[in-house]
Amino acid sequence: MNKAMPVSLYTATDSHTIHFHQLQRGTSDRIRNKRINERTGDEVQLDDIVKGYDAGGEYVLVEPKELDEIAPGRSRSLDIAGFVDLAEVEPIFFDKTYYLGPRGKEFGKVYSLLEQALAKSDKAGIATFVMRQHEYIVALKAENGLLTLHTLHWADEIRDPKQEIDSLPGRARASEKELKMAEQLIGAMSMAWDPGEFHDTFQEKVAALIEAKKAGETVEKAEPAAKATGVVDLMEAMRASVERAGSPKAGGGKATASGSSRAAGKKPAAKKRIRSAPKEDLAGLSKADLYKKAAAANLPGRSHMSRDDLVKALASPSSRS
């Protein structure tokens, strides 16, 4: 017996990419893309365009409606083949994510029932469906009280890394000491996963560039990436990384004050000083963040300053007044 639950598909993700129009240099004229016949140079209307498969020396022509006709009824339904453990679906197979919502209040109960059952069993429904003349294999999951649909890559779309990468080292021999040091490094740098702490710094720089150009200013080029220095002492590099990760400054902790026993015998000062607010660690900021602060403080000549110049200018009392 075939049971159906009508659902609607919603886009789950967005892009924060800054989009530009194409203009002819020296003008504000937009450049438009047209469908051009490469032989005649004439523009072709969308209705006059068909799909052609290059069969070697000739094209096999296919009308758009013919693609719809060979998948009747499948573009509006999910054919669930079965349910698998989520852990069995490797991350490399996941592509895009969509939200699913019940198509009408009368389907709310069966929607909620399926969501709760999937969440409790920690399984995903594997299904296929056709959308925009493409067939997809998808995983139906329960996430935070709603159903989500994840399009997956087909198995033959996953490339073999051994064929793609000719420099794989294989399972390199490591001593117990090296392995222990590597585990200590991972432990020292372990953190809770919070995606909100990460942001697209390049898009921020693009936005800063646009604002600077609107104001008639310029933005300095980014500092070049550090060059590779060749083979390094692996143990020494890991040891230094562990020390940096475990230091009070790196971990945000407070260093223990030295010489406290010597200061114990000193007489207290007659008057207590009012402590000023702690200064911001400008040296730890990126150049893009420094430029933003300089723009907020309206520092003159900031567009021509180096990173060190921005730090000095922002640290001066005049910039904080």
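Determine whether Ala245 is surrounded by 10 or more Cβ atoms within 10 Å (Cβ to Cβ), modelled with pLDDT of 75 or more and hydrophobic (A, V, I, L, M, F, W, C).
Criteria not met by Ala245.
Quick one: which residue in Lys162, Lys120, Lys177 is under 30 Å from Ser8 (Cβ atoms) and either part of a strand (DSSP E or B) or without any contact (Cβ under 8 Å) to a residue 60 or more places away in the chain (or both)?
Just a single option satisfies the conditions, and that option is Lys120.
Looking only at segment 87-117, count every residue that is acidic (Asp, Glu) and within 21 Å of Thr11 (Cα to Cα) and tell me the total.
Of the residues in that region, 2 qualify.
Could you give every pair whose Cβ atoms fall below 8 Å, whose first residue belongs to segment 22-41 and is of a type in the set (Val, Ile, Thr), and whose second residue is surrounded by 10 or more Cβ atoms within 10 Å (Cβ to Cβ) and at pLDDT below 90, counting only separations of at least 6 or pairs across chains?
Once the first residue is of a type in the set (Val, Ile, Thr) and sits in segment 22-41, its partners that are surrounded by 10 or more Cβ atoms within 10 Å (Cβ to Cβ) and at pLDDT below 90 give Ile31/Leu23.
Among the residues of segment 249-256, is any surrounded by 10 or more Cβ atoms within 10 Å (Cβ to Cβ) and modelled with pLDDT of 75 or more?
No, that holds for no residue.
Out of (1) crowded, with 16+ Cβ neighbours inside 10 Å; (2) outside any strand (DSSP E or B); (3) among the hydroxyl-bearing types (Ser, Thr, Tyr), what's the single condition that is false for Ser112?
With respect to (1) crowded, with 16+ Cβ neighbours inside 10 Å; (2) outside any strand (DSSP E or B); (3) among the hydroxyl-bearing types (Ser, Thr, Tyr), Ser112 is out only on (1).
Looking at (1) hydroxyl-bearing (Ser, Thr, Tyr); (2) outside any strand (DSSP E or B); (3) at pLDDT 90 or above, which is the only condition Ser15 fails?
(3)
Quick test of your reading of the structure: Asp47 fulfils all but one of (1) surrounded by 10 or more Cβ atoms within 10 Å (Cβ to Cβ); (2) free of Cβ contacts under 8 Å to residues at least 40 places away in the same chain. Name the failing condition by number.
(1)
Just a yes or no: is a residue in segment 199-214 at pLDDT 85 or above and outside any helix (DSSP H, G or I)?
No, because not a single residue in segment 199-214 is at pLDDT 85 or above and outside any helix (DSSP H, G or I).
Of all the residues that make up segment 84-117, how many are closer than 17 Å to His153 by Cα and either of a type in the set (A, V, I, L, M, F, W, C) or in contact with a Leu (Cβ under 8 Å, 6 or more places away or on another chain) (or both)?
10
Tell me, which strands (runs of 3 or more DSSP E) wholly within segment 21-96 include 1 or more residues that are out of contact with any Asp or Glu (no Cβ under 6 Å at 6 or more places or on another chain) and more than 30 Å from Thr148 (Cα to Cα)?
Output list reads 51-54, 59-62.
The values are calculated or read from the model by the stated rules, or taken from the named source; none is laboratory data. Nothing here was measured: the structure is a model prediction, and the numbers come from that model. Don't worry about glycine lacking a Cβ; one is built from the backbone with ideal geometry, like all the others, and counts go over all protein chains shown.
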